[in-house]
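Each reported figure results from applying straightforward, stated rules to the coordinates on display, with no laboratory input. All values reported here derive from a predicted model rather than from experimental measurement. Neighbour counts are summed over all protein chains in view; Cβ atoms, including those assigned to glycine, are modelled from backbone coordinates with ideal geometry.
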Amino acid sequence: MTSEKTDDLLHMGTHRGRLVLATTILGSGIALLDGTVVNVALPTIGRELDADLAGLQWVVNAYALSLAALILLGGSLGDRFGRRRVYAVGVAAFGAASIACALAPTVELLILARGIQGIGAALLVPGSLAILQASFRREDRMAAIGSWTGLLGVASASGPIVGGYLVDLDWRWAFWLNVPLCALVVFFTWRFVPESRNEHASHQFDVRGVVLAVVGLAGITYALTVAPENPGAVSLGAGVVGVLALVVFALAERGSTHPLVPPRLFADRVFTAINIVTLLVYAGLSSALLFVVLFLQVVAGWSALAAGAATLPLSVAMLLLASRFGALATAHGPRRYMVGGTLVAATGFVLLGFAPRDPSFVLHVLPGMTLVGLGLSMTVAPLTGTVLAAAPDELAGTASGVNNAVSRTAGLIAVAALPPLVGLGGAAYADPALLAPAYRAAMLVSAGLVALGAVVTAVGLAKREAPCAAQPHLDLTAR
């Protein structure tokens, strides 16, 4: 249960509702933008801090590793101790770590500070969605999540542009920029965001579950991040330990009286199905976008900026349409939009896959990328809203943490596994003759993964006859 009464829940069109939505978007946007900006700054960081390639990789990986390892814990902490409180702590930690990044005199200290940034992000990322779920009326939640999704797409698309501008000034400004923004988010959070928590949470803490979850997610993340460049016993061992830890975690949670992730979440068919869809969609999306950018640079000879800008139609479509489809999913049920959206996105990937080696943006990239953007606009907000609605309100943070962990793991698995599956290994990605056929195969595999998400959605979500808002708990299927 949340601490708010039903009459106190927010409306999308009210002044406070807009402020709460803006607060969650800005906090999540800082974490998302920082990652893309740092990627642009890596060459300059390497020169100024005299860092080798391995050091630069860990500037990125330290953040990804701590975020992935702790995101499940972050969502659970919000349910237990208050979503507003944990979100504010996460934003503050992210801002403090940004100061440490900006002041870092060596690459080793920068890596340490980036790891702390990831800890802050693990608290704020699931918290932002849990706040929306707990703070808004049921009939406004998917529209709020749609707005959150669309505007975060702008942050993602603007990352290379903002990063390029800041790096021209000084790479440290990529981190200094976070500090006033984080301070503003913390102020808005305490001033406008209502507090909510699971009032029935146990006073005991599932220490065993926390340790197993962190070891499991960290092991798998480390293996998938390191193995493509440094395969060997260490990365393989980390992956095995990670998988075993998660298996033991699942078994231990069944017998725990105060589990970190209550097993009843996965007893819900909709919750389980939507997380499988999340795995498939984000695996397809992550691998496809990676190969599109590589193809346009290596095979077509486009600049990095032009290749990155080619994905802008996707972000524009999500900005304009995600909130609208979230509202439509509330009124008519999410099933039709998620099935249609995944199929539209898969069609877009197929079109992109058949681009010639000297593509025209207007003829060969724009149509496919627009279809991908339209499909994701139809899919992402209903998907996110449905997975949160399938969980009890008191477990909104935990549900968000689970779904975020699934999406991030999906991306890591796809990026690590797909290149060798389509015949790319080592430096082969830099050879246009080898990359071109591998690109087409990868885009078709990505399309297949996303289309399979349509099948799982159709099977896992029963048809609805009444709008979501009329249901006492967004009952998407027979329990």
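Calculated on the alpha-carbon coordinates, the convex hull of the stretch 137-276 measures out at 207 cubic angstrom per residue.
Counting every other Cβ atom within 10 Å of each residue's Cβ, ASP358, ASP34, ASP170 order from fewest to most as ASP358, ASP170, ASP34. The mean sequence separation of alpha-carbon pairs under 8 Å and at least six residues apart, normalised by the residue count of the stretch 1-195, gives a relative contact order of 38 percent. Rounded to the nearest 500, the helix-only mean residue ellipticity at 222 nm of the chain stands at -26500 deg cm²/dmol, with each DSSP H run of n ≥ 4 adding -39,500 (n - 2.57).
For the stretch 231-367, the percent of C-alpha pairs falling in each 5 Å distance bin, counted from 0 to the bin holding the largest distance, reads 2, 8, 12, 14, 14, 11, 12, 13, 9, 4, 2, 0, 0. Model label sites at ALA331 and PHE266, defined 7 Å from Cα along the beta-carbon direction, differ in position by 3.8 nm.
Summing Lys and Arg as +1 and Asp and Glu as -1 over all other residues whose Cβ lies under 12 Å from the Cβ of VAL248 gives a net charge of +1. Inter-part distance, the stretch 54-129 to the stretch 171-239, computed on C-alpha centroids, equals 6 Å. Convex hull volume of the Cα atoms of the stretch 81-146, normalised per residue: 76 Å³. I'm spelling it out carefully: the read-out is Cα extents along the principal axes in Å, the candidates are [x] 65, 50, 43; [y] 59, 50, 45; [z] 84, 48, 34, and one was derived from this structure. Which label? Entry [y].
When peptides 119-131, 276-288, 406-418 are sorted by average Cβ neighbour count within 10 Å, with the highest value leading, the order is 119-131, 276-288, 406-418. All alpha carbon pair distances within the stretch 262-479 were sorted into 10 Å bins beginning at 0; the resulting P(r) in whole percents reads 9, 33, 32, 17, 8, 1. Overall, the chain carries a charge dipole of about 980 debye about its Cα centre when +1 sits on the Cβ of Lys and Arg and -1 on the Cβ of Asp and Glu, all other atoms neutral. Once the Cα-Cα distance is subtracted from the 0.36 nm per residue extended length, the GLU199 to VAL293 segment shows a gain of 29.2 nm.
For the pair ALA433 and ARG208, the difference between a 0.36 nm per residue extended length and the Cα-Cα distance amounts to 75.9 nm. Here the simple spin-label model places points 7 Å from the Cα toward Cβ, and for ALA417 and ASP168 these points are separated by 4.2 nm.
Under the combined filter of DSSP loop state and at most 13 neighbouring Cβ atoms within 10 Å, the stretch 270-359 retains these trypsin sites (Lys or Arg not before Pro): ARG357. Free of any GluC sites (Glu not before Pro) that DSSP assigns to a loop and that have at most 12 other C-beta atoms within 10 Å, the longest stretch within the chain is 230-464.
Set against the 2.2 N^0.38 Å expectation for a compact globular protein, the stretch 206-257 has a Cα radius of gyration ratio of 1.23. What translational diffusion coefficient, to the nearest whole µm²/s, does the stretch 1-195 have by Stokes-Einstein, given a Kirkwood radius computed over alpha-carbon pairs, a temperature of 25 °C and 0.890 mPa s viscosity? Estimated diffusion coefficient is 145 µm²/s. Both radii come from the Cα set of the stretch 327-435: Rg as radius of gyration, Rh as Kirkwood radius; their ratio Rg/Rh reads 1.08.
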